[in-house]
Structures are given as C-alpha cells and as structure tokens.
Amino acid sequence: MDDIFDRNIGVWDEDFQKRLKGITVGVAGVGGSGCALLDILARNGFGRFKVADPDYFERHNIQRQLYANDLTLGQSKAQVAAEHLKKINPDIHLEIFQDGVTTDNLENFLDGCDFVHEAIDYSVCGLK
C-alpha cells in the first residue's frame, strides 16, 4: 500500500483504501465547496476525478476558495485544481472539462462517475 495513505487505515481497512483508487468523482464547480471537496478526497486516496469549471480566479475569490491566491489570479479554476491535485498525488487520473458542464458534454462528464458533486454558482453562469 502507498504510504501516503497509511494513516487512513483504522478509519477503513486496506482493501477499501485500495478500492478508492478506482472510484471516479465528478466535481462540477471548483470554487468554494468544490475545491475543498477535491482536496479532501485526494488526500484520502480517491484516484479518479472529472473536474469541470469554466471560470478563472479573480481577487474576490481569495477569501473563500482554497486554490485562489495572488499566484493563481487569472488562471483557469479547473486547471489550477488539476495541478494542485497532482501535487498531492501524482498518480491521480484527471479529466478536465475546461468549458464547465454544458448540454454538449454533460453525458461525457457523467459517464463513469461513481459520485458527482455539483457546486456550480448559478448566479454567474448559465448551462450552455
């Protein structure tokens, strides 16, 4: 077993820890709750993610979004999330949906997901 996740044993067993690598979680919206969830799941050993967000970090995101800081301003939220997750676990499998979730890619986004977390800020975007 990978020593990164050794401390999870006791909360769950080694077999379950190994199974987490194959679970796919779709996260639509990588702002406040989406980025926090991604971070927690990656640190617990989940191994596959579909990440969707068409937005870019702005200064007002810094006070409430985990990946927002002076260095990420103007950068794609989905891409920054992917880079951050790879730093936690380089073996993570990521599929990035740079345009967010749209009517054109919804089926592809959902395909293969074991779980989906929707954290889209509807006040600033519309489903295309």
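For region 1-48, applying the loop criterion from DSSP together with a ceiling of 16 other beta carbons within 10 Å to the trypsin sites (Lys or Arg not before Pro) yields LYS21.
For LYS21, go through the aspartates and glutamates and keep the ones whose alpha-carbon is under 19 Å away, minus same-chain ones fewer than eight residues off. Filter leaves ASP2, ASP3, ASP6, ASP13, ASP39, GLU83, ASP91, GLU95, ASP111, ASP114. Could you state the angle between the C-alpha long axis of helix 77-88 and the longest principal axis of the C-alpha atoms of the chain, as a value from 0 to 90 degrees rounded to the nearest 10? Once rounded, one gets 20 degrees.
For ASP70 and GLU83, the difference between the fully extended length at 0.36 nm per residue and the C-alpha to C-alpha distance is 3.1 nm. With each label modelled as a point 7 angstrom along the Cα→C-beta vector, the GLN63-CYS113 pair spans 3.0 nm.
Between the amide H of GLY100 and those of ASP53, distances stay under 5 Å, these residues lying 5 or more places away or on another chain, with hydrogens modeled in the peptide plane. Per-residue Karplus couplings for region 18-31, computed as 6.51 cos²θ - 1.76 cosθ + 1.60 with θ equal to phi - 60°, are listed in order as 5, 5, 4, 4, x, 7, 9, 10, x, 10, 9, x, 10, x Hz, Gly and Pro entered as x. Maximal additional length on extending the ILE23-ASP39 stretch stands at 4.2 nm, based on 0.36 nm per residue less the C-alpha distance. Scalar couplings 3J(HN,Hα) for region 108-113, obtained by applying the Karplus form with A = 6.51, B = -1.76, C = 1.60 to θ = phi - 60°, are 5, 4, 6, 4, x, 6 Hz; x denotes Gly and Pro.
Could you check what % of the DSSP bridge pairs in the chain are antiparallel, to the nearest 5? Around 5 percent of the beta bridges assigned by DSSP in the chain are antiparallel ones.
Taken together, the values in this text are just the output of simple stated rules run on the coordinates, not laboratory data. In this text, all values refer to a predicted model and were calculated from it rather than measured experimentally. Counting neighbours? That spans all protein chains shown, and the Cβs are built from the backbone with ideal geometry, glycine included.
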